[in-house]
Structure formats: C-alpha cells, structure tokens
Amino acid sequence: MTFSFELAASGTPLEGAELVIDEPRGRLHCRSCGQHVGRSDLLLLCECGSADVEVTSGRELALVSVEVT
Ligand SMILES: [Zn+2]
C-alpha cells in the first residue's frame, strides 16, 4: 500500500506526503435485510434490529487523509 502510493505520488505534488491510514473497526453485513452497516463497539446488531449479521471488512484498510508536508 505505502509502496504503491509512493510510486503513484512520485513526481506529483503529493510526493513526500505522509499517508495516514486508519484501520476501521469493520462493517457488518446483515443477513436479514442485506444492509451493510458500520460496526459499533459492543453491539453486533443491524439498524433493522436483526442480530443475524457478519463482520465483512474488519481487516480492510481505509485511506483517511493525506498530509502534504
Ligand atoms: Zn438488517
């Protein structure tokens, strides 16, 4: 991720920028309504009230911001 970013940013104003990556807590996929919802700390519960959910992207990395130094 970082390596490919450096390649992509090379020669652009983003060169030398600092990548800020946050690892989200994950998301839930509700088997009842098919909705994807954000995961809260304690509750594994869909907005529709169903507890029949699965965590789908807990290891996914999200690019939050790029700080140009
Ligand atoms: Zn649901």
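The values are calculated or read from the model by the stated rules, or taken from the named source; none is laboratory data. Please read these numbers as outputs of a predicted model, since none were measured by experiment. Positions of Cβ are backbone-derived with ideal geometry, glycine not excepted, and every protein chain shown enters the neighbour counts. Remember, those area values only see protein heavy atoms, side chains included, never the ligands or the DNA or RNA. Shrake-Rupley method; radii C 1.70, N 1.55, O 1.52, S 1.80 Å.
Details
- Inside the stretch 17-32, residues that are at pLDDT 75 or above and in a loop (DSSP other than H, G, I, E, B) make up a count of 2.
- Within the option set THR69, THR56, being within 16 Å of the ligand (Cβ to nearest atom) and at pLDDT below 75 holds for one residue only, THR56.
Residue-wise test of (1) open to solvent by 80 Å² or more (accessible area, probe 1.4 Å); (2) acidic (Asp, Glu); (3) out of contact with any Ser or Thr (no Cβ under 7 Å at 6 or more places or on another chain); (4) modelled with pLDDT of 70 or more.
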site	(1), (2), (3), (4)
THR2	no, no, yes, no
GLY11	no, no, yes, yes
SER40	no, no, yes, no
ALA51	no, no, yes, yes
LEU63	yes, no, yes, no
